[in-house]
Amino acid sequence: MWWGVAAALLANLLFSAGFVIEKRALSRLPPLSAARPTQVLVHLLRSPLWIVGAASLGLGFLAQLAVYRTLPLVAAQGLFVTGLVMLLLLSSLFLGEQPTGRERQSMIAILIALVMIVFSLRGSPETISRLAPTPTLLTICLPALVTGLGLFVSAERRARRRHRMPTAGVPYGVAVGFLYGVSSLAIKGVAGLLDTAEPGGSATAILSSPYPYILMFTGSTGLVLSQTALQRCRASLIVPVCTTITFLFTVAAGTVAFAEPLPEEPLRLALRLGGSLLAVSVLLALPRHDELPATPDPSPSTEGTRHVTRHIT
C-alpha cells in the first residue's frame, strides 16, 4: 500500500514539474494552433526545454502504472488530484503565477483530502480489478473522446470573439480532462495486463487489447490540444481543472468498466469518498476568468477631451 502512495506522490511531482517546464518552453515558442498539429509538433520538438518537460511527464505515466497495480481506482485518482499543491507551488516559484486567495485555500483542502485518502487505505487489503470488458470500455470511451474534442473546438471559437472576458482556461481544461480521463482508463488496463515475470506474454496480451491504441490516440491528440491550451492559459489553473475532470471521469467510468468495489467498512468508505469529494470541490473554488488589469478612473479633463473628440470626429 505504501509503495502505491509513494508512487502516486512521485507521479504528482513528475507531472507538476513537467507541466511547469513545458509552460516555460511554450512561452518562448510562436503561437500554436490545434488546427495545425504538424506545425505544433515541429515547434515542440525543436525546443530542448520542452523535451525535458515531456520526459518528466513520461516518467509520471510510468509511475502511474505502479499506482494502478497497488491501489484501488478511487484512492489512486484521489491521490493524483493532490498534485495541485505541488503545481501551485512550482508555478509560483518558476513561472511567477501568483495563486489567488481561493487557490491558496484549495491547497489546504487538498492536503486534508490527501490525509483522508491515505487513512482510508489502512486495514485489510482490497480487491483491485485488472481488466474491463472491451464493449463496455469502448461504449464509455468513445463518447467521452467526442465530447472532449467538441468542447475544445467550442472553446477555440469563443476565444476568437471580440469584447469578451479573458478566459482562465477552464473550458480548455475540461476538454483535455476528458481525453486524459480516457487515457487513465487505458493505463489502468495496461497495468492490469502487465506481468514482469512473463514479459513476452504481457506484450502479446497488451497488443491484442484496445488499451495501447486508445493510448496512442489520446496521447497524440492530447499532446497537441494540451500544449495549445497551456501556452494560452495559466498552468496553475488549467492543469488543476484538467486533473479534476480526469478524476471525475476516471472514477465514474472506471468504477463501471472495471467493476472495482469500494471498502465495506463504514469509516474507510467515508474517508475514501469524503477525501475524493473534497478534492473535487477544489474545482468549484477556482476562478472562471483571469482578473482584468486595474485601470485608473478617467479624470474629468480626460472625459471632457473624449467628449469633445467624439463631437469633432
Open item on the list: Please go through the range 124-154 and give me each residue that is at pLDDT below 80 and small (Gly, Ala, Ser), ordered by number.
Closed with: 124
- [ ] Given the conditions (1) at pLDDT 85 or above; (2) within 13 Å of residue 78 (Cα to Cα), report the number of the one that residue 243 does not fulfil.
- [x] (1)
TODO: Taking the residues in the range 98-109 that are part of a helix (DSSP H, G or I) and modelled with pLDDT under 75 as candidates, determine which candidate is farthest from residue 275 (Cα to Cα).
DONE: 101
Task: Unmet criterion (only one of (1) touching a strand residue (DSSP E or B) at 6+ places or on another chain (Cβ under 8 Å); (2) modelled with pLDDT of 90 or more; (3) not β-branched (Val, Ile, Thr)) for residue 168 - done: (2)
Task: Extreme residue, farthest from residue 21 (Cα to Cα), among residues of the range 196-222 that are touching a residue at least 60 places away in the same chain (Cβ under 8 Å) and hydrophobic (A, V, I, L, M, F, W, C) - done: 214
Open item on the list: Given the criterion in a helix (DSSP H, G or I), at pLDDT below 90 and closer than 20 Å to residue 239 by Cα, identify the matching residue among 88, 10.
Closed with: 88
Open item on the list: Could you check the range 110-149 and list, in sequence order, the residues that are surrounded by 16 or more Cβ atoms within 10 Å (Cβ to Cβ) and part of a loop (DSSP other than H, G, I, E, B)?
Closed with: 121, 126, 128, 129, 131, 132
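The values are calculated or read from the model by the stated rules, or taken from the named source; none is laboratory data. None of the values given here were measured: they were computed from a predicted structure. Backbone-built Cβ (ideal geometry, glycine too); neighbour counts: all protein chains shown.
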